[in-house]
Amino acid sequence: MQDIINKLINALGPNKVLTDDENLSRYARDFWPLLMMREQVLHEKIPKPLAVVVPGSVNDISLTLRIMNEYGGGIPIVVYGGGSSVTGASMGSGSIIIDITRLNKVLNIDTYDLTITVEAGAKLRDVEAELNSMGFSLRHIPQSFNYATIGGLIATMSSGQYSTLYGNVEDAILNLEVVLPTGEVIWLRRNTVPRASTGPSLKYLFVGSEGMLGIITKAVLRIVPLPKSTRYGSFTFNALNDGIKVLRELMTRRLVPAVARLYDEYESSIRFGIDKPNINY
Ligand SMILES: Cc1cc2nc3c(=O)[nH]c(=O)nc-3n(C[C@H](O)[C@H](O)[C@H](O)COP(=O)(O)OP(=O)(O)OC[C@H]3O[C@@H](n4cnc5c(N)ncnc54)[C@H](O)[C@@H]3O)c2cc1C
């Protein structure tokens, strides 16, 4: 295995190929609760990756994949964004990890056509902060907001707090630049007009692909103006089923709120501090 690591170091330089114990341990797991428990509660050793490649450009990613292809040793490659996967998808046992978080620039914000072009390693919270400072938003706010990268959100077909009204991550995607397993770099569409009827729409291959089909390196996404005002309300129902009926009615009549949450008796007591019901879970 050392020969492929040496090849990568020779091609990319030593500061882009990490092999020290501290870094290998850091990339050994993601947020998968089972692995976290094995490591932190049972104090088990989690198998480490062979090396971590930290590319500084799309060209570095392409070169890495070409070298790995030439080597042909069947070593898995795992793409690593924010590492907030809760399924073990970005854990790296015995693999070469490619951490793309150095590719994190916002390349263009077009406030007329309402699009943003961003590198896939950018953290959602940083992209959103930049958009908010200009009065815009992606309106894609998953609970992993502080950790997730743009590429990770796309690769996991993410849903967020406001997805009921603004759509899921796939609804925001206009175009993607990807590096294919051969190392070839392509854009999935030839333009970024808001709507075109030429198909098939290749973006859907990469939405939820979890790094299996290639590495997402840039995304052109739809943005929206920040709402001028927001209104919140809460209502109580006598039974959970009554709440379900009302939410269903709202959705079928297309009276779509940005967020709607229905809490059962027990959750309401935790969230809103109302009298605790006598329920044992
Ligand atoms: C506290 C917490 C709250 C969460 N809340 C939500 C939520 O509200 N909604 C939701 O949908 N999910 C949620 N998740 C799950 C997870 O955070 C999301 O799926 C997130 O989108 C993953 O992004 P990431 O950058 O951390 O990806 P990673 O964990 O680094 O990677 C996830 C997968 O995508 C692949 N991948 C990453 N980047 C790329 C790329 N550029 N190209 C190709 N493949 C890539 C990886 O190989 C891996 O298979 C939550 C997780 C945590 C820990």
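The values are calculated or read from the model by the stated rules, or taken from the named source; none is laboratory data. Small disclaimer: the values here were computed from a predicted structure and weren't measured. No Cβ is skipped: glycine too gets one built from the backbone with ideal geometry, and neighbour counts run over all protein chains shown.
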Query - Pick from region 131-157, criterion free of Cβ contacts under 8 Å to residues at least 60 places away in the same chain and more than 13 Å from the ligand (Cβ to nearest atom), ranking: surrounded by the fewest Cβ atoms within 10 Å (Cβ to Cβ) - result: SER133
Report summary line: Of ASN23, ASN6, the only residue that is over 24 Å from the mean Cα position of the chain (by Cα) and free of Cβ contacts under 8 Å to residues at least 60 places away in the same chain is ASN6
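Here's the yes/no breakdown for (1) within 16 Å of the ligand (Cβ to nearest atom); (2) more than 21 Å from GLU119 (Cβ to Cβ); (3) touching a Leu at 6+ places or on another chain (Cβ under 7 Å):
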| position | (1), (2), (3) |
| --- | --- |
| ILE5 | no, yes, yes |
| LYS16 | no, no, no |
| ASP21 | no, yes, no |
| ARG29 | yes, yes, yes |
| PRO33 | yes, yes, no |
| MET37 | yes, yes, no |
| GLN40 | yes, yes, no |
| LYS45 | no, yes, no |
| ARG66 | no, no, no |
Query - Flag for SER84 being in a loop (DSSP other than H, G, I, E, B) and touching a residue at least 60 places away in the same chain (Cβ under 8 Å) - result: yes
Query raised in the report: Considering only region 113-164, how many residues are assigned to a loop (DSSP other than H, G, I, E, B) and of a type outside the set (Lys, Arg)?
Result: 24
Query - Residue list for region 112-128, restricted to those being under 20 Å from GLY167 (Cα atoms) and at pLDDT 95 or above - result: LEU114, THR115, ILE116, THR117, VAL118, ALA120, LYS123, LEU124, ARG125, VAL127, GLU128
Query raised in the report: Assuming GLN161 fulfils every condition listed in (1) at pLDDT 95 or above; (2) near the ligand (Cβ under 8 Å from one of its atoms); (3) out of contact with any helix residue (DSSP H, G or I) (no Cβ under 6 Å at 6 or more places or on another chain) apart from one, which condition is it?
Result: (1)
**Report entry** Pick from region 194-217, criterion of a type in the set (D, E, K, R) and modelled with pLDDT under 95, ranking: nearest to the ligand (Cβ to nearest atom)
**Finding:** LYS203
Requested in this report: For region 171-181, indicate whether the set of residues that are within 14 Å of the ligand (Cβ to nearest atom), among the acidic types (Asp, Glu) and either farther than 30 Å from ARG231 by Cα or in contact with an Asp or Glu (Cβ under 7 Å, 6 or more places away or on another chain) (or both) is non-empty.
Outcome: yes
**Report entry** Index of the failed condition, THR87 passing every other in (1) near the ligand (Cβ under 9 Å from one of its atoms); (2) buried (at least 21 other Cβ atoms within 10 Å of the Cβ)
**Finding:** (2)
Report task. Give region 176-213 a look and list any residue that's within 16 Å of the chain's Cα centre (by Cα) and in a strand (DSSP E or B), or say none. Result -> LEU176, GLU177, VAL178
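Is it the case that some residue within region 61-71 is in contact with a strand residue (DSSP E or B) (Cβ under 8 Å, 6 or more places away or on another chain), among the charged types (D, E, K, R) and either modelled with pLDDT under 95 or crowded, with 17+ Cβ neighbours inside 10 Å (or both)?
So in region 61-71, the residues in contact with a strand residue (DSSP E or B) (Cβ under 8 Å, 6 or more places away or on another chain) come out as 61-62, 64-65, 68.
From what's left, among the charged types (D, E, K, R): none.
No.
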